[in-house]
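Notes to accompany the following structure.
Nothing in this text is a laboratory measurement; each read-out follows from the coordinates by a stated rule. All figures in this text were calculated on a predicted structure; none of them were measured in a lab. Note that we place each Cβ from the backbone using ideal geometry, even for glycine, and neighbour counts take in every protein chain shown.
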Amino acid sequence: MKQAEALAPERFSPTVAGLPLFYNRGTVYEEYARRCADLGQAQLAFHYLDLAQHSLPATRFWELMLLTARVIVLVKAHEVDAGTSLALDLLPELKQKGLQRFLDRLHFVQRSLDQLQQQAARASRSLADALAESASDY
């Protein structure tokens, strides 16, 4: 992480040579937060989201990016209700502003929730079957 921090521009520069730039220390922190969530390190993920918030300009675009990342971290941390509620709050504005990249991330969250549901259903069926087989043991 220290190497990534050293390589990323500390201050936000909206353009380089006239081209839009979306890479800076804040975006590095946001990406790292999502990777920490993938690894099950929710507290560290929230820490990096806080660092990202302090590193990025206070604009609605960056706020929406961080809120979308927060949805991902919440769901990965099994805070499904909080993550879903935040996603539902964000959805109309993301659609209205045409922020497809962030909408794609919410589609990923929805697919993750579907996979969790299927996994829970399989586990529940296995347990129910095992309990039914052992019912005669009582």
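A Förster distance of 25 Å, applied to the separation of the beta-carbon atoms of Asp81 and Gln115, puts the FRET efficiency at 0.90. Annotation: peptides 111-121, 84-94, 68-78, ranked by per-residue average of other Cβ atoms within 10 Å with the highest first, follow the order 68-78, 84-94, 111-121. Each of Leu39 and Phe108 was given a label point 7 Å from its Cα along the Cα-to-Cβ line. The distance between the two points is 1.6 nm. Extension gain for Leu91 to Glu31 (0.36 nm times residue separation, less C-alpha to C-alpha distance): 19.5 nm.
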